[in-house]
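Student: One structure, as structure tokens, below. Some questions next.
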Number of protein chains: 2
Amino acid sequence: MALVVQKYGGTSVGSVEKIKNVARRVARSYDEGNQVVVVVSAMAGETDKLVGLANEVCDIPDDREYDVLVASGEQVSIALLSMALKSMGYQAKSYLGWQIPIYTDDAHAKARIKEIRDENIRADLEKGTICIVAGFQGIDADGNIATLGRGGSDTSAVAVAAAMKADVCEIYTDVDGVYTTDPRIVSAASKIEKISYDEMLELASLGAKVLQIRSVEFAKKYGVVIHVRSSFNDNLGTLVKEEDADMETVLVSGISYNKNEAKISVIRVPDKPGIAAALFGPLSEANITVDMIIQNVSHDGFTDLTFTVPRTDFKKALPIVEESAAKIGAEKVQSDESIAKVSIVGVGMRSHSGIASKMFETLSVEGVNIEMISTSEIKVSCVIDDKYTELAVRVLHKAFGLDDESVKDEE
Amino acid sequence: MALVVQKYGGTSVGSVEKIKNVARRVARSYDEGNQVVVVVSAMAGETDKLVGLANEVCDIPDDREYDVLVASGEQVSIALLSMALKSMGYQAKSYLGWQIPIYTDDAHAKARIKEIRDENIRADLEKGTICIVAGFQGIDADGNIATLGRGGSDTSAVAVAAAMKADVCEIYTDVDGVYTTDPRIVSAASKIEKISYDEMLELASLGAKVLQIRSVEFAKKYGVVIHVRSSFNDNLGTLVKEEDADMETVLVSGISYNKNEAKISVIRVPDKPGIAAALFGPLSEANITVDMIIQNVSHDGFTDLTFTVPRTDFKKALPIVEESAAKIGAEKVQSDESIAKVSIVGVGMRSHSGIASKMFETLSVEGVNIEMISTSEIKVSCVIDDKYTELAVRVLHKAFGLDDESVKDEE
């Protein structure tokens, strides 16, 4: 008998009809002989509605009470799903975070799971009960409700699967799985059958928003096999799992892009110890996350420093950087909001040379200028003018052999 | 320093604006030097919306899950009210049933409070925190959420006030207090300044729906003084408390009516032991509550038995009664759905004679025929044709000196 954890997101439980559909899917897994634990998000739109109420009440909602408020969304969906299953003749029982319990730290609205006690759920599973767990929520050591941040139900599901040593954690969503790139840009994008945790982390953080990144970190840490699949059909989706030999035969697994960053360059900085700290310390204090950082080689004792920040933080970051730049004697600060980051990701890169240069050449042939480059073991990212984003993704997808030949690409 | 428990119903917290208004009212009580515990209902319409979802999912929602579902409504309002208070600079903290905890029995959707542990709230009050408690909910011994039934927040408030020995339990609602009768029928109806628990129980159960009847029973048992008042103005409302000498000087405190019953008569029943059990046993098994029961004196070994049932149960009750009547050899069954029950209530009745006959005479003068009569120590009820309801209430209100002379009655 296998233990299956299934997670259904907000769009999968977005209406009473969809909840009944989920109930049938859960029941089928149970009928196949599995023990089933289901993790559910709030019905689509509900969390936004609750956040809207909070913002109407006051400008900066208290964080403890914010969590009490938004955690009510999952309470509704677990109750409705349990009712649906019971009305179909199955034993089912809903669990709120405190009823399991799922213990977290006390960082409200972005809490991290510390411990899951599975005795209650385990006992119910042994009695043949389907256990329906509220995603996104837990309690801290003092019994306050704490939520895990948007998308946190993915992490709840993986954490429950890890704690209970589940055979698989199925994440149901509104797409068929993880794609080689955004199908809205490349219609020949194909579904990836299996992908390693590290590749998934690079793809997720780079903009392929199928799974909350923290859930993938969690899965990697505890070796939980994730199956990302659609709640609207029976197709097999994408397995996210430990790297295996097969995966290395693929040079590039996927192409991602990110248009949510802006570039800031500090020109002719005196090259001496402490300049990086002087520049990035104040940004960090302002809670601005810096992504790519490139420092060129020094000429005549001066160097140029270029980095990217989230585009939403750009206006806040610029005056901070200008002040720091003046202090360290830099010549000037340049910036550009119209950039995009395009990345190729694949564990196969580690054992093959020439991948990066193939990427550069492919872009060059199309006249796309590369403004910044950063690399990791399994990723190469280029910052380009954002008007070339779709073109760059398309040519790279084709160049690395990812186009699904069965799909006629109309572009 | 007084300890004040305030309860706000769904209409009082029906919008963000109204929640802010409640926050100002709570803050004022705190600023006056009180320790304040606030019990809140779900925002108006929310519980109905949740019940609607449950009924869409299945015909007979599971009762455990029903409670998980509907308890989420109060979770939203306590969080919003706490946020509002904190944004005004007050210390405030929300409490769900399980966080206090409020222990109930396991009768889902109609649970009874068994114990309230007040250590957590008490400690917060001592620190100057305003405690915001979710009404309507508690947990059973196994940690399942249990709700108290519609209107249960009144009972939550009185139970918290009793457990904490509060100085007063203020029930805020959308009317100014308890009136001598329904102001929609008699515009000269006046607000009652103070009323005994027993009178309030008679008035509440007879149709004056200001307070949940169970909350009044609770208040009586523990001697909690209830102040029913409006959340939209600062008028003093009605005090519901132990009977005092003043109250006896008023012959009749209020006139109530109830159009929600139907009458069933079993004619010429052989008068022998066991016939009442034979008639009412099957009704009780079908969960039909019988209200008034009148058995006339026996003639020739036969008697007539008349009783009332809720009008919503009438169609279900009639065939059951007909079957029982046949078994015990009654001649026939008659019924009437067009009845109303009009009652006069007052502790003054106990020490004054002639109150009942004055009621009968007043009705007779207007040509209103009395079909059934029942009396208690502090109440006389008459069943009449329901088309005379308004007329009867009006003339009784005037006859017992309840008309507010300052109001010009247009009728």
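Where a number appears in this text, it was derived from the coordinates with a stated rule and is not lab data. Fair warning: this is a prediction, and the values are worked out from it, not measured in the lab. Reconstructed Cβ throughout: ideal geometry from the backbone, glycine too, with neighbour counts over all protein chains shown.
Student: Under 20 Å from a label point 7 Å along Cα→Cβ of B:Ser15: give me every residue in the stretch B:227-243 with its amide N that close.
Tutor: Those under the cut-off are B:230-234.
Student: Just going by the charge dipole of chain B, with Lys and Arg at +1 and Asp and Glu at -1 on Cβ, which of B:Val36, B:Ser376, B:Ile255 is farthest out on the positive end?
Tutor: B:Val36
Student: A further question on this structure: Quick one: grab Rg to one decimal and Dmax as a whole number for chain B, Cα atoms only, in Å.
Tutor: Rg and Dmax of chain B, Cα atoms, are 23.5, 79 Å.
Student: Starting at the first residue of the stretch B:343-348, write each ³J(HN,Hα) from the Karplus equation 6.51 cos²θ - 1.76 cosθ + 1.60 with θ = phi - 60°, in whole Hz, x for Gly and Pro.
Tutor: After applying 6.51 cos²θ - 1.76 cosθ + 1.60, I find 10, 10, 10, x, 5, x Hz.
Student: May I ask you to derive the relative contact order of chain A, considering only C-alpha pairs under 8 Å and at least 6 residues apart, and to give it as an integer percent?
Tutor: Relative contact order, chain A: 14 percent.
Student: Shifting gears a bit: Tell me, how many Å apart are the Cα centres for the stretch B:168-244 and for the stretch A:321-371?
Tutor: 73 Å
Student: Could you identify which residue out of A:Ala219, A:Ala245, A:Ala157 has the top mean-square fluctuation in a GNM of chain A using Cα springs shorter than 10 Å?
Tutor: Comparing A:Ala219, A:Ala245, A:Ala157 in the GNM, the peak value goes to A:Ala245.
Student: Now for a separate question. To check you understand DSSP bridge types, tell me what percent of the beta bridges within the protein assembly as shown (both residues inside) are antiparallel, rounded to 5.
Tutor: 60 percent
Student: Another question, if that's okay. Let me have the relative contact order for the stretch B:1-94, percent, based on Cα pairs under 8 Å that are six or more residues apart.
Tutor: Answer for the stretch B:1-94 is 32 percent.
Student: For the rotation bringing A onto B, which A residue has its Cβ nearest the axis, and at how many Å?
Tutor: A:Ser72, 2
Student: Give me the one-decimal nm value for the distance between modelled label points at A:Ser230 and B:Ser406, 7 Å along each residue's Cα-to-Cβ direction.
Tutor: 7.1 nm
Student: Tell me, what does the Kirkwood hydrodynamic radius of the protein assembly as shown come to in angstroms if you use every pair of distinct C-alpha atoms?
Tutor: Evaluated over the protein assembly as shown, this radius sits at 31.5 Å.
Student: Enter the mean projected area of the convex hull around the alpha-carbon atoms of the stretch B:245-411, in nm², rounded to one decimal.
Tutor: Value for the stretch B:245-411: 11.8 nm².
Student: What is the order of B:Thr104, B:Thr173, A:Thr312, fewest Cβ neighbours within 10 Å to most?
Tutor: A:Thr312, B:Thr173, B:Thr104
Student: Moving on. With springs only between Cα atoms under 10 Å, which of B:Ala188, B:Ala277, B:Ala71 fluctuates most in a Gaussian network model of chain B?
Tutor: Answer for the Gaussian network model of chain B: B:Ala277.
Student: Mind checking the stretch A:309-411 for trypsin sites (Lys or Arg not before Pro) that DSSP puts in a loop (not H, G, I, E or B) and that have at most 11 other Cβ atoms within 10 Å?
Tutor: Those that pass, being in a loop and sparsely packed, are A:Lys408.
Student: Take the residue pairs A:Lys315/B:Lys127; A:Lys20/B:Lys110; A:Lys316/A:Lys398; B:Lys315/B:Lys398; B:Lys110/B:Lys379; A:Lys110/A:Lys241 and return only those whose Cα atoms are more than 30 Å apart.
Tutor: Violating the 30 Å Cα-Cα cut-off are A:Lys315/B:Lys127; A:Lys316/A:Lys398; B:Lys315/B:Lys398.
Student: Please work out, to two decimal places, the log10 of the ratio I(q)/I(0) at q = 0.18, 0.23, 0.27 Å⁻¹ from a Debye calculation in which every Cα of the stretch A:165-242 carries one identical scatterer.
Tutor: Those come out to -0.67, -1.08, -1.43, one per q.
Student: I would also like to ask the following. Taking neighbour Cβ counts within 10 Å as the exposure measure, how do A:Ser77, B:Ser187 sort from fewest upward?
Tutor: By the 10 Å Cβ count, ascending, the order reads B:Ser187, A:Ser77.
Student: Express in whole angstrom the spacing between the alpha-carbon centres of the stretch A:92-118 and the stretch A:1-64.
Tutor: The stretch A:92-118 and the stretch A:1-64 have Cα centres spaced 15 Å from each other.
Student: A further question follows. Taking the Cα centre of chain B as origin and charging only Cβ (+1 Lys, Arg; -1 Asp, Glu), how large is the dipole, in debye to the nearest 20?
Tutor: Value, rounded to 20: 700 debye.
Student: Something else now. Can you give me the relative contact order of the stretch B:245-411 as a percent, contacts being Cα pairs under 8 Å and 6 or more apart?
Tutor: Reported as a whole number, the value is 30 percent.
Student: Tell me, what is the Rg over Rh of the stretch B:275-319, with Rh the Kirkwood radius over Cα pairs?
Tutor: 1.01
Student: Under a cut-off of 25 Å between alpha-carbon atoms, report the lysines in cross-link reach of B:Lys18, not counting same-chain residues fewer than 8 places apart.
Tutor: Correct list for B:Lys18: A:Lys49, B:Lys7, B:Lys49, B:Lys86, B:Lys93, B:Lys191, B:Lys209.
Student: Continuing with this model, one more query. Would you mind checking which residues have amide H under 5 Å from A:Met292's amide H? H placed 1.01 Å from N; only 5 or more apart, or other chain.
Tutor: A:Thr308
Student: For the stretch B:120-136, list residues with backbone N below 15 Å from a point placed 7 Å from the Cα of B:Gln91 toward its Cβ?
Tutor: Residues B:120-132 fall inside that zone.
Student: Another question, then. Assigning unit charges at the beta carbon (Lys, Arg +1; Asp, Glu -1) and nothing else, what dipole magnitude in debye, to the nearest 20, does the protein assembly as shown show about its Cα centre?
Tutor: In total the dipole reaches around 360 debye.
Student: Right, something else. Given a Förster distance of 45 angstrom, what is the FRET efficiency for B:Thr312 paired with A:Asp167, based on the Cβ-Cβ distance and rounded to 0.05?
Tutor: That pair, B:Thr312 with A:Asp167, gives E of 0.30.
Student: Next up: Magnitude of the Cβ-charge dipole of the stretch B:245-411, K/R +1 and D/E -1, about the Cα centre, nearest 20 debye?
Tutor: 460 debye
Student: Okay, moving on. Positive end of the charge dipole of chain A (Lys, Arg +1 and Asp, Glu -1 on Cβ, about the Cα centre): tell me which of A:Gly348, A:Pro101, A:His299 has its Cα farthest that way.
Tutor: A:Pro101
Student: Something else: Counting just the Cα atoms, what span does the stretch A:3-174 cover along each of its three principal axes? Round to the nearest Å and put the largest first.
Tutor: On the principal axes, the stretch A:3-174 reaches 50, 33, 23 Å in Cα extent.
Student: Points 7 angstrom from Cα along the Cβ direction at A:Ser284 and B:Ser357: gap in nanometres?
Tutor: For A:Ser284 paired with B:Ser357, the spin-label model returns 9.6 nm.
Student: Let me ask another. Taking neighbour counts of Cβ atoms within 10 Å as a proxy for exposure, in what order, fewest first, do A:Cys382, B:Cys131 appear?
Tutor: Ranking A:Cys382, B:Cys131 by Cβ neighbours within 10 Å, fewest first, gives A:Cys382, B:Cys131.
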